[in-house]
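Okay, so here's the structure we're looking at.
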Amino acid sequence: MVSLLRNQKVRNALLQVLYVGSIAAMVLAGIVIARRNLADQGITSGFDFLFKSTGWDVNFSLLPATANDPYWWYFLIGIINTLFLGSVGLILATIVGTIVGLARTSSNDLARLLGRTYVDIFRNIPLILQVFFWYAIITHLPTPRSAHEAWGFLLTSRGLYIPFPNVGSAAFAAATVAVIAAIVLPAWLGRTSRLAQPIGQRRAIQLAAAAVALACAAIILALGRLPDTPLLDFPALQGLNLRGGLRIPPEFATLAIAIAIYGGSYIAEIVRGGFKSVGTGQVEAALSLGLSPWRVFTLVRLPLALRAMLPILANQYVWLMKATTMGIAVGFTDFFMIVALTINHSGQTLEAIGILMAGFLAINLSLAAVFNRINKAIALKGNQLRG
Amino acid sequence: MTSTNSTGEPALRIENLDKYYGTFQALRGINLSVQRGEKIVVCGPSGSGKSTMIRCINRLEQHNGGRIVVLGTELNDDVGNIDEIRREVGMVFQHFNLFPHMTVLENCMISPMIVRKQPRAQAEATARHYLEKVRIPEQAMKYPSQLSGGQQQRVAIARALCMQPQIMLFDEPTSALDPEMVSEVLDVMVTLASEGMTMICVTHEMGFARRVADRVLFMDGGEILEEAPPDEFFTSSRNERTRQFLSQVLGH
């Protein structure tokens, strides 16, 4: 017996059994205790509550929503709200980050100073403070009666009102998908035909794909247009409130701005790092071949910088996606807030949190998977050495 | 400023060239004239200004004083002149500097297609011709990092030649290579020289200098200290520092 315990393999196996066993015991104990406590409070566990109507309202939804809708529908609304806020936030943050990052790598002293100041300020203030700051600013905008107006856009404490095409919502959604396809399709085509298709022809195919997708979008919009209305619906004052156009609620605007500004400061550093990683040798070689500075940028610096940036950028995107949970701070019904409200109203804490975690895992793992695919597709071939 | 073909005009004329990095003077009053078809080898200890000088010729470095006239075009702040000169002057670097995200073929085609506006088929034919010439036609579809150092440097030479330049600059083209790969690159350069290309090479390959150079320059401290045909340069140098340098380079 003693000699058996001295055997290294037996020892290792025994340790594994103990380890797995103690974890299983803890999980089991947790479940048993939770069930007993829930039973004591008269709460039945299980997912039946998903099909009961909620009895409360959401303040922002891209789908039709009433208090009679069941919980599963609300969860769906929450996920879509989170995805929508996340996409808008990520796109804006990327634009801000690219501009600031390029300013930081520019040869202009003033641009560099401005970029640096921006990053220093917004990267070092907690996100929640920034959310409250922007919310305070937006809710202190003038009332609809004395709104700031420019080109049909109205800025008020009740949100930003923008002119909106008079088309059905389904048609608008379809057109949006078509526009996204016009951007994604050429990029994808550029990748798949990298070696087979020569550069010149590849560009023609890409342009054609983009043109077809955009034409589809235009046709869908034309077909979905509401009859007997002007092309654009402008917001206008009616009584004490504004009618018409599209209203972007202050809560959504706040979060989108906060994520854009805060995320932008991180992305700026990623962009700067990406461009710094491009060797001066490649740039000099391109210049010595007579390529103009703009061509050197688009053909050499940008493609190489993107490759360096992408893995870190994916990380940052996953992070920013999680930052949408700040919605609860200003009352935007994102996935997290819906789950929080569900817990308050239904008491199904464990189930709701389980759904929340599963939802975020699904969103972020898909995001990471997409970026991994892109990353692999454009990775430098060979042994990854520059030179 | 487009008189590129006047017969009396040398390929390159450098007059009283000065170059400063901050307060440090890297080049002091350089004078050099290179005729068409001439092969110049520049040698000297590190930090002597050799690389700086040839990098001034296509404006990778901006000179602070004096004049540089390349193929009859003066190199000044005129962007058009800079573009024109860069089109006609090819350069090969110590670290190859190939574009790692493009295939060998794309590396060679990109500039002719964009700068010379050549149609794709023509650019590809040219690229394949020069890849053949540097003896690696079979590597056209590979990426630079899949090649050995010597092969990469030959691609870099082919890439520069695809622009069909009138002058070629070589900035220590064999210094970063493993010893057994040096000769494959030098062979290509010898062939190029024998075809009458105007060449300015910064190199320590004295065998190459003996074989190919019309003149060898010795630089130190930002000045050209000696300028002589190779026989004279290697056997009867008048300059003390040149002799010292040569004894160090040829000593083994």
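Brief remarks on what is shown
- Taking the square roots of 5 times each eigenvalue of the Cα gyration tensor of segment A:2-42, largest first, gives ellipsoid semi-axes of 37, 7, 4 Å.
- A Förster radius of 51 Å combined with the Cβ-Cβ distance from A:Ile31 to A:Lys276 puts the calculated FRET efficiency at roughly 0.50.
- Shape call, segment B:19-89: gyration tensor on alpha carbons, a/c limit 1.5: oblate
- Distance between segment B:27-106 and segment A:312-340 - C-alpha centres, whole angstrom: 54 Å
- Working ranking of peptides A:354-363, A:260-269, A:155-164 by packing, defined as the average number of other Cβ atoms within 10 Å per residue, highest first, is A:260-269, A:155-164, A:354-363.
- Amide H to amide H, with H built 1.01 Å from N, B:Leu27 comes under 5 Å of B:Lys19, counting only residues 5 or more places away or on other chains.
- Sorting the Cα pairs of chain B by distance into bins of 5 Å, from 0 upward, gives 1, 6, 13, 17, 19, 17, 13, 8, 4, 1, 0 percent per bin.
- Cβ crowding within 10 Å averaged over residues, with A:47-58, B:198-209, B:220-231 ranked highest first: B:198-209, B:220-231, A:47-58
- Environment charge of B:Glu15, counting only residues whose C-beta is closer than 14 Å and scoring Lys/Arg +1, Asp/Glu -1: +1
- Cut-off 19 Å (backbone N to label point 7 Å along Cα→Cβ of A:Ser45), residues of segment A:353-375: A:353-359
- As a proxy for reagent exposure, B:Met102, B:Met53 were ordered by neighbouring Cβ count within 10 angstrom, fewest first; the result is B:Met102, B:Met53.
- Every helix of 4 or more DSSP H residues in the protein assembly as shown counts as -39500 (n - 2.57), and over all residues that averages to -18000 deg cm²/dmol at 222 nm.
- Note on B:100-111: average number of Cβ atoms from other chains within 10 Å of each residue's Cβ is 5.
- If the segment from A:Ile328 to A:Ile80 were pulled out straight at 0.36 nm per residue, it would be longer than the present Cα-Cα gap by 87.7 nm.
- Backbone N under 18 Å from the A:Leu361 label point (7 Å along Cα→Cβ), restricted to segment A:30-47: A:30-31, A:46-47
- Within straight-line cross-link reach of B:Lys142, aspartates and glutamates at Cα separation under 12 Å, skipping those fewer than 8 residues along the same chain: B:Glu106
- Classified by the C-alpha gyration tensor, the protein assembly as shown has a prolate form. Its axis ratio a/c, with a ≥ b ≥ c, is 1.5 or above, and a/b is larger than b/c.
- Considering only the protein assembly as shown, percent of DSSP beta bridges that pair antiparallel, nearest 5: 65 percent
- Fully extended contour minus Cα-Cα distance, from B:Ser145 to B:Asp77, at 0.36 nm per residue: 20.9 nm
- Inter-chain shielding of A:289-300 (mean C-beta neighbours from other protein chains, 10 Å cut-off): 5
- Between A:Ile23 and A:Thr117, the C-beta separation translates, for a Förster distance of 60 Å, into a calculated FRET efficiency of about 0.75.
- Taking θ as phi - 60° and the Karplus parameters 6.51, -1.76 and 1.60, the scalar couplings of segment A:287-293 work out to 5, 5, 7, x, 6, 6, x Hz in sequence order, x denoting glycine and proline.
- Using θ = phi - 60° in the Karplus curve 6.51 cos²θ - 1.76 cosθ + 1.60, the 3J(HN,Hα) couplings for segment B:111-126 round to 6, x, 5, 8, 7, 8, 6, 6, x, 3, 4, 5, 4, 5, 4, 4 Hz; x is entered for Gly and Pro.
- When both segment B:132-192 and segment A:26-74 are represented by their alpha-carbon centers, they are found 69 Å apart.
- Counting, for every residue in B:87-97, the Cβ atoms of other protein chains within 10 Å of its Cβ and taking the mean gives 4.
- For B:Gly65, the residues whose amide H sits under 5 Å from its own are B:Asp18, ignoring neighbours fewer than 5 places away on the same chain, with H placed 1.01 Å from N.
- Positive minus negative residues near B:Glu38 (Lys, Arg vs Asp, Glu; Cβ under 10 Å): +2
- Two-site FRET efficiency, A:Asn315 against A:Leu129, from Cβ-Cβ distance with R₀ of 35 Å, rounded to 0.05: 0.90
- When the Cα gyration tensor is reduced to axis lengths a ≥ b ≥ c, the ratio a/c is 1.5 or higher for segment B:102-198, and with a/b not above b/c it is classed as oblate.
- Amide hydrogen proximity for A:Leu160: with H placed 1.01 Å from N in the peptide plane, the residues at 5 or more positions away or on another chain lying under 5 Å are A:Ile248.
A short reminder: the numbers here are calculations on the coordinates, not readings from a lab. For clarity, every value in this text was computed on a predicted model and none was experimentally measured. Ideal geometry is used to build each Cβ from the backbone, glycine not excepted, and the neighbour counts take in all protein chains shown.
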